[in-house]
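Q: Here it is, the structure, as structure tokens.
The values are calculated or read from the model by the stated rules, or taken from the named source; none is laboratory data. Small disclaimer: the values here were computed from a predicted structure and weren't measured. Positions of Cβ are generated from backbone atoms using ideal geometry, with glycine treated the same way; all protein chains shown enter the neighbour counts. Note: areas computed on protein heavy atoms with side chains; ligands, DNA, RNA excluded. Shrake-Rupley method; radii C 1.70, N 1.55, O 1.52, S 1.80 Å.
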Amino acid sequence: MGRIVSIGECMGELSETDMPGTLNMSFAGDTLNTAFYLRHSLGPDWEIDYVSAVGNDGLSDRLLDFLISQGIGTTHVRRLADKTIGLYYITLKDGERSFTYWRNDSAAKRLASDPAALARALDGADVAYWSGITLAILPNQDRLALIEALSHFAGRGGTVVFDPNLRPRLWDNPDTMRGWIHRAAAVSDLCLPSFEDEATWFGDSDPAATARRYQAEGARRVIVKNGADDITVAVNNSGLFKFPTPPVERVVDTTAAGDSFNAGYLAAELDGAALADAVAAGAELAGRVIGARGALVAEAVRRP
Ligand code: ADP
């Protein structure tokens, strides 16, 4: 029993449909995806709260309605006048998706601008989940404020869980991204990187190198995801473990693979599962999520 806060940006997603002139509207975001899978994986004795900022407008209302409909708490989503949520539009051409974003002035960029509100959101929580995307969208002083708040939270016994989710397009340049990602890792108990991104942006030769690098920055535990390949786990100083990823019969859409893995793993760990079983739970959930279209696939969750 306890409370998890997931901190980040949720955007509106507009996608073209088969019917000309008709769009589909939904909501998406890495930290929302993980909150959604945590909510569906954990029992009602766990509270899942989203921590973000939205506007006072109708579109922001719709997002809050959606979170509430999913059982995700919105008490710590701040409402800001004259702002609204970020949006993106998906165009489909010959089966390929391309994205257009309107997020430069989104309310979520202010999610850490009120340190007192941030402290209230974290107060009494057991786990704080955040990502490199959460950090990327913030102004510099708010990046520091969020890191400081999480450091305080960890100092009081809270567990900080971080997915680096490297998105160089959201950062001024790759060096800035690398610097902040390491500062984030330093306050996080558990880091959940994906090897392909890490190899590209940090030059890691293998998942073990990724795990060791995050540990060297201060993360106590690291779980390196690697698509269909083995999952590499480093725990404290007890060396590296490798766990197989169960094969997926048909990969339909890999959106939210990493986000759902994180939730499946974390939910199992919080339910008391042993390391190998928690990793398997993460991989199995991710495997079912990528077997269906879309980021939020409630049917992919199997409660024990
Ligand atoms: P991300 O989505 O963050 O890039 P990965 O591609 O490493 O992350 O995938 C996250 C998890 O999703 C993997 O650890 C694995 O459990 C599952 N997964 C991803 N792709 C596959 C695949 N082709 N076959 C089986 N499992 C997969």
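Q: Within region 128-152, name every residue whose backbone N is under 17 Å away from a label modeled 7 Å from Cα of Thr75 along the Cβ vector.
A: In region 128-152, the label zone of Thr75 (backbone N under 17 Å from the point 7 Å along Cα→Cβ) covers 128-129.
Q: In square angstrom, what is the accessible area per residue of the chain with a 1.4 angstrom probe? Working shown, then result.
A: Details: 13720 Å² over 304 residues.
Per residue, the chain has 45 Å² of solvent-accessible surface.
Q: Please identify every one of the GluC sites (Glu not before Pro) in region 151-257 that sits in a loop by DSSP and has no more than 14 other beta carbons within 10 Å of its own beta carbon.
A: On the way: sites: Glu196, Glu198, Glu217, Glu249; in loops: Glu249.
Those satisfying the criteria are Glu249.
Q: Something else about it: log₁₀ I(q)/I(0) of the chain at q = 0.16 Å⁻¹, via Debye over equal Cα point scatterers, no solvent, to two decimals?
A: Treating every Cα as an identical point scatterer, log10 I(q)/I(0) equals -1.45.
Q: Provide the percentage of antiparallel DSSP beta bridges, counting only those with both residues in the chain; round to the nearest 5.
A: On the way: 21 of 49 bridges.
Antiparallel bridges: around 45 percent, rounded to the nearest 5.
Q: Just to verify a number: FRET efficiency for Arg156 and Asn24, C-beta to C-beta distance, R0 = 45 Å, to 0.05?
A: Details: r = 43 Å, r/R0 = 0.95.
Calculated transfer efficiency: 0.60.
Q: If you count the DSSP beta bridges with both ends in region 1-49, what percent of them are antiparallel, to the nearest 5?
A: 60 percent
Q: Amide H neighbours of Asp49 under 5 Å, at least 5 residues apart or on other chains, H built in the peptide plane: list them.
A: The answer is Ile4, Val5, Ser6, Gly73.
Q: For region 14-21, take each phi angle, set θ = phi - 60°, evaluate the Karplus expression 6.51 cos²θ - 1.76 cosθ + 1.60, and give the result in whole Hz per residue in order, putting x for glycine and proline.
A: 10, 10, 6, 10, 5, 8, x, x
Q: Let me ask you something else. Using a 7 Å offset from Cα along Cα-Cβ at Asp57, what residues in region 4-18 end up with backbone N under 18 Å from the label point?
A: Residues 9-15 qualify, since their backbone N sits under 18 Å from the label point.
Q: Rounded to the nearest 0.05, what FRET efficiency do Leu14 and Asn236 have when you use their Cβ-Cβ distance and R0 = 51 Å? Don't skip to the end; give the middle numbers.
A: Details: r = 45 Å, r/R0 = 0.88.
Calculated value: 0.70.
Q: Could you compute the net charge surrounding Pro168? Neighbours are other residues with a C-beta less than 13 Å from the C-beta of Pro168; K and R count +1, D and E count -1.
A: Here the count lands on -1.
Q: On to the next question. With a Förster radius of 22 Å, plug the Cβ-Cβ distance of Gln141 and Asp105 into 1/(1 + (r/R0)^6) and report the FRET value to the nearest 0.05.
A: On the way: r = 17 Å, r/R0 = 0.79.
That pair, Gln141 with Asp105, gives E of 0.80.
Q: Using only Cα atoms, locate the centre of region 133-166 and the centre of region 264-296, then give the distance between them in Å, rounded to an integer.
A: Centre-to-centre distance over Cα atoms comes out at 24 Å.
Q: If the convex hull of the alpha-carbon atoms of region 115-213 is projected onto planes in all directions, what is the mean projected area in square nanometres? Walk me through the numbers before you get to the answer.
A: On the way: hull surface 24.2 nm².
Here the figure is 6.0 nm², rounded to one decimal.
Q: Sticking with this one: Determine the sum of side-chain charges near Leu190: Lys and Arg each +1, Asp and Glu each -1, restricted to other residues whose C-beta is under 14 angstrom from that of Leu190.
A: Details: positive: Arg220, Arg221, Lys225; negative: Asp126, Asp163, Asp189, Glu217, Glu269.
Net local charge, Leu190 excluded: -2.
Q: Are there trypsin sites (Lys or Arg not before Pro) in region 145-217 that DSSP puts in a loop and that have at most 14 other Cβ atoms within 10 Å, and which ones? Could you put the intermediate results ahead of the total?
A: Numbers: sites: Arg156, Arg169, Arg178, Arg183, Arg212, Arg213; in loops: Arg156.
Hits after loop and neighbour filter: Arg156.
Q: Let me ask something else about it. Please get the size of the charge dipole for the chain, origin at its Cα centre, with Cβ charges of +1 on Lys and Arg and -1 on Asp and Glu, quoted in debye to the nearest 20. Don't skip to the answer; put the middle values down first.
A: Working: 29 positive and 40 negative charges, 83 e Å.
Its charge dipole is roughly 400 debye.
Q: If amide hydrogens are placed 1.01 Å from N in the peptide plane, which non-local residues have theirs closer than 5 Å to the one on Asp230?
A: Thr245
Q: What's the carbon and sulfur percent of the chain's accessible surface, probe 1.4 angstrom, rounded to a whole number? Don't skip to the end; give the middle numbers.
A: Details: 6830 of 13720 Å².
The C+S portion of the solvent-accessible surface of the chain is 50 percent.
Q: So how much slack lies between Lys93 and Met1, counting 0.36 nm per residue of separation and subtracting their Cα-Cα distance, in nm?
A: Values: separation 92, 0.36 × 92 = 33.12 nm, distance 4.62 nm.
That works out to 28.5 nm of additional length.
Q: On to the next question. Let me have the relative contact order for region 2-298, percent, based on Cα pairs under 8 Å that are six or more residues apart.
A: On the way: 605 pairs, mean separation 44.3, N = 297.
Normalised by residue count, the contact order of region 2-298 is 15 percent.
Q: What is the sum of charges around Lys93, taking Lys and Arg as +1, Asp and Glu as -1, for the other residues whose C-beta is under 15 Å from the C-beta of Lys93? Write out the running numbers ahead of the final one.
A: Values: positive: Arg97; negative: Glu16, Asp18, Asp94, Glu96.
Counting the neighbours of Lys93, the net charge comes to -3.
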